[in-house]
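Accompanying notes for the structure given below.
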Amino acid sequence: MKWNLRLAAANRGIWKASELQRMLAERGVVISAGKMSGLWSGRPNTVKLDELDVICAVLGCGVEELLLPEPEQVPEPTPVTDSQAAAVGQPRAIAPRPRTGRSLPPR
């Protein structure tokens, strides 16, 4: 996913992270300077859903404008060889055991 906060804010005339930070604080979301720097500069470590909700409300946008999918960045699946399957522990067929009465009570 590509984080697109800076462009979404610029499209609405918000050019400084501190300005957006103040607007978020007015809506009850207090973000530290370090976290705001991460949000503003590119790839934040985390974004809480509550924060994302408020960011969308402040900017008047949807999540699809802030988070852009990048399917080309997802690696292709690699074929599994027989030796890799054995090493990983390929699931094997499970045969049911016949029940021979009731279990014993705990000691």
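Just one of the numbered conditions (1) surrounded by 12 or more Cβ atoms within 10 Å (Cβ to Cβ); (2) in contact with a Leu (Cβ under 9 Å, 6 or more places away or on another chain); (3) free of Cβ contacts under 8 Å to residues at least 60 places away in the same chain is not true of L67: (3). Does L5 qualify as being touching a Phe, Trp or Tyr at 6+ places or on another chain (Cβ under 9 Å), over 11 Å from L59 (Cα atoms) and either without any contact (Cβ under 8 Å) to a residue 24 or more places away in the chain or surrounded by 12 or more Cβ atoms within 10 Å (Cβ to Cβ) (or both)? No.
The sole residue among V29, V58, V54 that is in contact (Cβ under 8 Å) with a residue 24 or more places away in the chain, surrounded by 10 or more Cβ atoms within 10 Å (Cβ to Cβ) and not in a helix (DSSP H, G or I) is V29. Of all residue pairs spaced 6 or more apart or on separate chains, none has beta-carbon atoms under 7 Å together with a first member in the stretch 70-98 that is closer than 30 Å to R43 by Cα and a second member that is at pLDDT below 80 and surrounded by fewer than 10 Cβ atoms within 10 Å (Cβ to Cβ).
The values are calculated or read from the model by the stated rules, or taken from the named source; none is laboratory data. Because the structure is a prediction, the values reported are computed rather than measured. FYI the Cβ positions are ideal-geometry reconstructions off the backbone, even for glycines, and counts take in every protein chain you see.
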